[in-house]
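First up is the structure itself, then whatever we jot down about it.
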Number of protein chains: 2
Amino acid sequence: MKAVGVVVEYNPFHNGHLHHLRAAKTDTGAHICIAVMSGSFLQRGEPAIVCKWTRTKMALACGVDVVVELPYAYSVQSAARFAEGATNILATLGCTHLHFGSEAGDITLFHQLVQFMNENKEAYDFAIKEHMQKGVSYPNASAAAFRTLANGNETLLRLDQPNNILGYHYVSSITQQHLPLIPATTVRKQAGFHEKNIHDEHTIASATSIRHALSSGQELSNLSRVMPKTTISALEKYMLQVGHLHTWERYFPYLQHRLLTTPLSHIRTIAECEEGIEFRLNEAVYEATSFADWLQHVKTKRYTQTRIQRLATHLLTGTTKEMLSYIHEQPVPYIRLLGMSTIGQTYLNKKKKQLSCPIVTRAAELKHASTLGALDLQVDQAYALAHPPAITQRILKQTYKQAPIRI
Amino acid sequence: MKAVGVVVEYNPFHNGHLHHLRAAKTDTGAHICIAVMSGSFLQRGEPAIVCKWTRTKMALACGVDVVVELPYAYSVQSAARFAEGATNILATLGCTHLHFGSEAGDITLFHQLVQFMNENKEAYDFAIKEHMQKGVSYPNASAAAFRTLANGNETLLRLDQPNNILGYHYVSSITQQHLPLIPATTVRKQAGFHEKNIHDEHTIASATSIRHALSSGQELSNLSRVMPKTTISALEKYMLQVGHLHTWERYFPYLQHRLLTTPLSHIRTIAECEEGIEFRLNEAVYEATSFADWLQHVKTKRYTQTRIQRLATHLLTGTTKEMLSYIHEQPVPYIRLLGMSTIGQTYLNKKKKQLSCPIVTRAAELKHASTLGALDLQVDQAYALAHPPAITQRILKQTYKQAPIRI
């Protein structure tokens, strides 16, 4: 049985994801599709709008056969680290291909760029350092370094589009680690990655625009053009159960509390807290009336919004530099199974014995799986705090007992 | 100018306090009255229902001439430590007397008991240890030890009543430290310290019963029989400004968050966290739907509710054992002035130059005053978190700029 892997956040699952899933199977001739999905918090340092179990149901309902979790230590990270975790997990699970959507849509371009970057690594790193010394952020410095390097070379893949960047890191990670995965890509349909508004005539909209529509009070039923029915009903059920979608604003009081009652020496041990930014974090609490406002007060030319959001997520979840250091010891210490279809289960049963790491099916096992597993549990506990105490308590208990979803 | 000192929480200021104030001046012939008052959190490990500035206004409106703050390091502590901080501050400010209300009402009994306890210290300590080894709480063990010791001696002060206990510790602290303070006491009028209900015909009710009435939704106007008008209007103004009184329930989410996202090794550094109680604290979060519920889950024969509440307060405020250890280095490193009348100001101006420590009038100075001062600021920041973020931010700014109240 041939399996294709995809790397997803499904926040929430929409028609663009459905289109990509179909292409992944068609393009690679795979029998089943395995998704490695971020858990409670996402790459840009934001809480997922609904819990990972609801997003797993959305995925299974639309043709994914196995959903496993990308550990927090990889999911709230730079593109390179994120890709490293995702590709390792898909390779461990025996996928033959990794399939991703991109703006470019031509896998040759990705291979060429990886080769080009390997050949020019030193010049590239040097140029980045030079730009950063002028005080610009890492993403801007690397973009500028790339422009200098690629000067005049029109055939090179453009690295200024978010899905091209992720795709580049997948291919680069596979190449550098010699993983037995064949990368493949397809052009992303219609909507831009971070496009804010939903076009009237389109059936595909970006997840960003869908979240934007939801947070500005649009009825779910109005979004049925751009999401599968199963997503709509899963979102409805979630809102009925807990009353709201998760946004950073709901967690802001905890960030205020942590920053106001933790000595700076301890704040400095938090992951991504570097170069004296702790002073800014703290001062901004005295100025900010909301999370969005706090971000504006902390942001500088050097620290992008995404970087601050990731740092805020680490503060919220209590993630220290020391905890994240374990990803270098062992890239995949365990695989957390979130859900599977019948055929997905058959696949896993066959592969189980050859796996180089345990498959974890309960939170209780996570605690003992490794430092990264214990961190995943801690992160889910923090995620549960978006509700009044009595609902939080109910969710904590559920989180602890939850078995993988089966359909 | 002769000054009498009183030790207070004023949570809130009521007719019983007014009665005591008058007795304090009459009994001692003092010209002015100085109150050393707990700040944001109180001796039993609870948030004050309104901020210390509002409580200062209540006190000044009813005849207190100077209000200074009992630092957090003393205010959320056992009776002995609480008394040590309070008596030291009053002595530093040049009070000639310390006046307190008690169930006994006869100062000779307190002096006798202090002498008796000094003579029997070893036997008493030994008996406490014996009782505690059977797993009972410290308060129960010391009560039992006292019963054994006092066996048959009917003339001794009874130490099973809360104001007698506090009074005993005031007199004991004055005696042991040879402080130039003359202790004096009067009988508490009518209401029992922790009495829960307000009697219809009484004009004096306990603060506990008043808080109970307020939290069960009684109109403030219904309580005008038992509190001065100035207290009623101060409470009204506070509720108008921030929307509610402070209760532990409003802070419970922060406690959940801290316990769910902080490694046990760090929880162990928190003040009063001893003997493996950290495991219970954590497990109880999984069971509790409210703070009251959480307390029930943590409480044991050994750990009284008050002790758990104090520990919870230290968790909320981020107070470590190490921070509290500074109280042994220097009992009164600074005196925080909260408010004064005109005559109070005259008194302070005269005394200022002879004081052995600085008088702090702004939060900004606290930061640099000492570790205990920085802790007081941190504690006030935690106290401000009972509100939605935008109100919290406004209060944080106010807290930082607030000058002493003058009337």
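The values are calculated or read from the model by the stated rules, or taken from the named source; none is laboratory data. Remember, it's a predicted structure, so these values are computed and weren't measured experimentally. In this analysis, Cβ positions are derived from the backbone assuming ideal geometry, glycine residues included, and neighbour counts consider all displayed protein chains. These area figures cover heavy atoms from the full protein model, side chains too; ligands, DNA and RNA do not enter into them. Shrake-Rupley method; radii C 1.70, N 1.55, O 1.52, S 1.80 Å.
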**Asked** Hey, any hits in the stretch B:255-264 for a residue that's hydroxyl-bearing (S, T, Y) and closer than 30 Å to A:A364 by Cβ?
**Response** yes
**Item:** Positions within the stretch A:335-380 being small (G, A, S) and surrounded by fewer than 14 Cβ atoms within 10 Å (Cβ to Cβ), in sequence order
**Value:** A:S356, A:A364
**Asked** Does B:E287 count as open to solvent by 60 Å² or more (accessible area, probe 1.4 Å) and in contact with a Phe, Trp or Tyr (Cβ under 7 Å, 6 or more places away or on another chain)?
**Response** no
**Request:** Could you figure out which of (1) open to solvent by 70 Å² or more (accessible area, probe 1.4 Å); (2) at pLDDT 90 or above; (3) more than 10 Å from every other protein chain (Cβ to nearest Cβ) isn't true of A:K397?
**Result:** (3)
**Item:** Odd one out for A:L93, checked against (1) at pLDDT 90 or above; (2) open to solvent by 20 Å² or more (accessible area, probe 1.4 Å)
**Value:** (2)
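Condition check: more than 30 Å from B:Q398 (Cα to Cα) and among the aromatic types (F, W, Y). Does B:Y254 satisfy that? Walk me through it before giving the result.
Details: more than 30 Å from B:Q398 (Cα to Cα): no; among the aromatic types (F, W, Y): yes.
When the stated conditions are applied, B:Y254 does not pass them.
If only one of A:R258, A:R250 is in contact with a helix residue (DSSP H, G or I) (Cβ under 7 Å, 6 or more places away or on another chain), within 14 Å of chain B (Cβ to nearest Cβ), surrounded by fewer than 16 Cβ atoms within 10 Å (Cβ to Cβ) and assigned to a helix (DSSP H, G or I), which one is it?
None of the other options fit; the residue is A:R250.
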**Prompt:** Of the conditions (1) in the same structural domain as B:L60 (by TED's automatic domain parsing); (2) in a helix (DSSP H, G or I), B:C357 fails just one. Which one is it?
**Reply:** (2)
**Prompt:** Any residue in the stretch B:291-300 that is within 19 Å of the chain's Cα centre (by Cα) and among the aliphatic types (A, V, I, L, M)?
**Reply:** no
**Complete:** Checking B:T300, B:T313 in turn, the sole residue that is surrounded by fewer than 21 Cβ atoms within 10 Å (Cβ to Cβ), in contact with a Ser or Thr (Cβ under 9 Å, 6 or more places away or on another chain), over 19 Å from A:L316 (Cα atoms) and polar (S, T, N, Q) turns out to be B:T300
**Message:** Cβ-Cβ under 8 Å, sequence separation 6+ or interchain: first residue in the stretch A:352-376 and farther than 21 Å from A:G94 by Cβ, partner of a type in the set (K, R) and part of a strand (DSSP E or B). Which pairs?
**Reply:** A:L366/A:R336; A:G373/A:R336; A:D376/A:R336
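Out of the residues in the stretch B:30-67 that are among the polar types (S, T, N, Q) and open to solvent by less than 10 Å² (accessible area, probe 1.4 Å), which is nearest to B:W248 (Cα to Cα)? Lay out the reasoning, then the answer.
Of all residues in the stretch B:30-67, those among the polar types (S, T, N, Q) come to B:38, B:40, B:43, B:54, B:56.
Filter again for open to solvent by less than 10 Å² (accessible area, probe 1.4 Å), leaving B:38, B:40, B:56.
On the way: B:S38: 17, B:S40: 12, B:T56: 21 Å.
For the stretch B:30-67, the residue satisfying everything is B:S40.
Condition check: over 18 Å from A:K189 (Cβ atoms), modelled with pLDDT under 95 and not assigned by TED's automatic domain parsing to the domain that holds A:F252. Does A:A30 satisfy that? First the steps, then the outcome.
Details: over 18 Å from A:K189 (Cβ atoms): yes; modelled with pLDDT under 95: no; not assigned by TED's automatic domain parsing to the domain that holds A:F252: yes.
In short, no.
Collect the residues in the stretch A:68-90 that are of a type in the set (S, T, N, Q), open to solvent by 10 Å² or more (accessible area, probe 1.4 Å) and assigned to a helix (DSSP H, G or I), keeping them in residue-number order. Outline the logic, then answer.
Residues of the stretch A:68-90 of a type in the set (S, T, N, Q): A:75, A:77-78, A:87-88.
Filter once more, so that each one left must be open to solvent by 10 Å² or more (accessible area, probe 1.4 Å): A:77-78, A:88.
Correct list: A:N88 only.
Does at least one position in the stretch A:99-111 carry a residue that is outside any strand (DSSP E or B), open to solvent by less than 10 Å² (accessible area, probe 1.4 Å) and touching a Phe, Trp or Tyr at 6+ places or on another chain (Cβ under 8 Å)?
So the first thing to find is which residues in the stretch A:99-111 are outside any strand (DSSP E or B), and the list is A:103-111.
Narrowing the set further to residues that are open to solvent by less than 10 Å² (accessible area, probe 1.4 Å) leaves A:110.
So of that shortlist, the ones also touching a Phe, Trp or Tyr at 6+ places or on another chain (Cβ under 8 Å) come out as A:110.
Yes, the stretch A:99-111 contains at least one residue that is outside any strand (DSSP E or B), open to solvent by less than 10 Å² (accessible area, probe 1.4 Å) and touching a Phe, Trp or Tyr at 6+ places or on another chain (Cβ under 8 Å).
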**Request:** Could you name every one of the helices (runs of 4 or more DSSP H) located completely within the stretch A:262-347 that has at least 3 residues being in contact (Cβ under 8 Å) with a residue 12 or more places away in the chain and away from chain B (no Cβ under 14 Å)?
**Result:** A:277-285, A:305-317
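Give me the residue from the stretch B:176-200 that is modelled with pLDDT of 70 or more and not in a strand (DSSP E or B) and, out of that set, most open to solvent (accessible area, probe 1.4 Å).
B:H178
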